[in-house]
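Novice: Here it is: the structure, laid out below.
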């Protein structure tokens with residue numbers, strides 16, 4: 001069974017600074033997708049960024065980028081120029097041959113003014 | 001289209017009662033997923049449908065839980081004989097194919 005581990009329960013960053021959230025996963029599958037989802041307080045979960053395992057190039061979406069290390073089974077999220085609106089729970093998720101998402105426990109990110 | 005909707009948003013019930021939640025996916029999406037999220041945890045997969053067919057169920061989905069998607073559109077999740085351990089946020093998501101899953105706002109269940 002796949003597992004996803006987020007080792008940082010909470011993190012904080014100053015506005016305009018850069019922060020990196022860590023995620024590791026375990027799988028025996030070769031083809032899969034990895035995601036970072038954002039869940040703001042009392043609001044619904046939205047996709048931040050996705051990475052296909054067969055792509056070596058790291059995905060980027062504006063201020064958000066990932067560092068995907070397939071051999072190490074590591075998938076970290078970097079948020080540049082942090083904004084107050086980035087305050088949220090961030091979940092790393094795995095999707096393999098089964099279409100279900102397997103989530104980590106999340107990292108609570110606080111952006112301080 | 002306004003995205004995935006769930007009803008009700010909050011439900012308080014007494015132990016032993018039955019509850020039913022509804023999820024309306026994005027209209028063109030053929031896949032619909034149910035997840036459960038407890039405090040301080042990430043969502044856990046419960047079950048998913050492709051059109052009206054229920055393709056996978058988690059072992060978390062005990063025999064007190066049943067889900068349906070009768071016409072391949074909206075879905076219902078029923079919990080019979082609720083227990084305090086069922087208190088959680090129940091999330092619905094939909095997708096078109098095995099692609100990005102769009103989540104609804106969730107139904108927060110409190111079992112007293």
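Novice: What pairs come up if the first residue lies in the stretch A:24-38 and is away from chain B (no Cβ under 13 Å) and over 15 Å from residue A:79 (Cβ atoms), the second is modelled with pLDDT of 90 or more and part of a loop (DSSP other than H, G, I, E, B), and their beta carbons are under 8 Å apart, counting only those six or more places apart or on different chains?
Specialist: From the stretch A:24-38, the pairs are A:24/A:7; A:24/A:72; A:24/A:73; A:26/A:73; A:27/A:73; A:27/A:96; A:29/A:96; A:30/A:53.
Novice: From the set of residues in the stretch B:86-107 that are facing chain A (nearest Cβ under 7 Å) and more than 16 Å from residue A:42 (Cβ to Cβ), which is modelled with the lowest pLDDT?
Specialist: Among those that are facing chain A (nearest Cβ under 7 Å) and more than 16 Å from residue A:42 (Cβ to Cβ), it is B:98.
Novice: Continuing with this model, one more query. If you take the residues of the stretch B:48-63 that are within 9 Å of another protein chain (Cβ to nearest Cβ) and closer than 29 Å to residue A:88 by Cα, which of them is farthest from the chain's Cα centre (by Cα)?
Specialist: If we take residues in the stretch B:48-63 being within 9 Å of another protein chain (Cβ to nearest Cβ) and closer than 29 Å to residue A:88 by Cα, then B:58 is farthest from the chain's Cα centre (by Cα).
Novice: What number of residues within the stretch A:39-62 satisfy the criterion of being assigned to a loop (DSSP other than H, G, I, E, B), in contact with a strand residue (DSSP E or B) (Cβ under 6 Å, 6 or more places away or on another chain), more than 11 Å from every other protein chain (Cβ to nearest Cβ) and without any contact (Cβ under 8 Å) to a residue 40 or more places away in the chain?
Specialist: Here the count works out to 2.
Novice: On to the next question. Test each condition in (1) touching a residue at least 40 places away in the same chain (Cβ under 8 Å); (2) part of a strand (DSSP E or B); (3) more than 14 Å from chain A (Cβ to nearest Cβ) for residue B:66 and report the one that comes out false.
Specialist: Answer for residue B:66: the failing condition is (1).
Novice: In the stretch B:14-47, which residues are part of a strand (DSSP E or B), away from chain A (no Cβ under 12 Å) and either modelled with pLDDT under 95 or surrounded by 20 or more Cβ atoms within 10 Å (Cβ to Cβ) (or both)?
Specialist: If the condition is that a residue be part of a strand (DSSP E or B), away from chain A (no Cβ under 12 Å) and either modelled with pLDDT under 95 or surrounded by 20 or more Cβ atoms within 10 Å (Cβ to Cβ) (or both), then B:21, B:23 are the ones that fit.
Novice: So, one more: Quick one: residue A:77 ticks every box in (1) more than 14 Å from chain B (Cβ to nearest Cβ); (2) surrounded by 12 or more Cβ atoms within 10 Å (Cβ to Cβ); (3) assigned to a loop (DSSP other than H, G, I, E, B) except a single one, so which number is it?
Specialist: Unmet for residue A:77, out of (1) more than 14 Å from chain B (Cβ to nearest Cβ); (2) surrounded by 12 or more Cβ atoms within 10 Å (Cβ to Cβ); (3) assigned to a loop (DSSP other than H, G, I, E, B): (3).
Novice: If you go through the stretch A:15-38, how many residues are closer than 18 Å to residue A:96 by Cα and in a strand (DSSP E or B)?
Specialist: Count: 8.
Novice: May I ask you to list the residues in the stretch A:1-14 that are within 12 Å of the chain's Cα centre (by Cα) and either within 11 Å of another protein chain (Cβ to nearest Cβ) or not in a loop (DSSP other than H, G, I, E, B) (or both)?
Specialist: Within the stretch A:1-14, A:4, A:5, A:6 meet the criteria.
Novice: Please verify whether residue A:19 is crowded, with 17+ Cβ neighbours inside 10 Å and touching a helix residue (DSSP H, G or I) at 6+ places or on another chain (Cβ under 9 Å), treating the condition exactly as stated.
Specialist: yes
The values are calculated or read from the model by the stated rules, or taken from the named source; none is laboratory data. All figures in this text were calculated on a predicted structure; none of them were measured in a lab. Note that each Cβ is placed from the backbone with ideal geometry, even for glycine, and that neighbours are counted across all protein chains shown.
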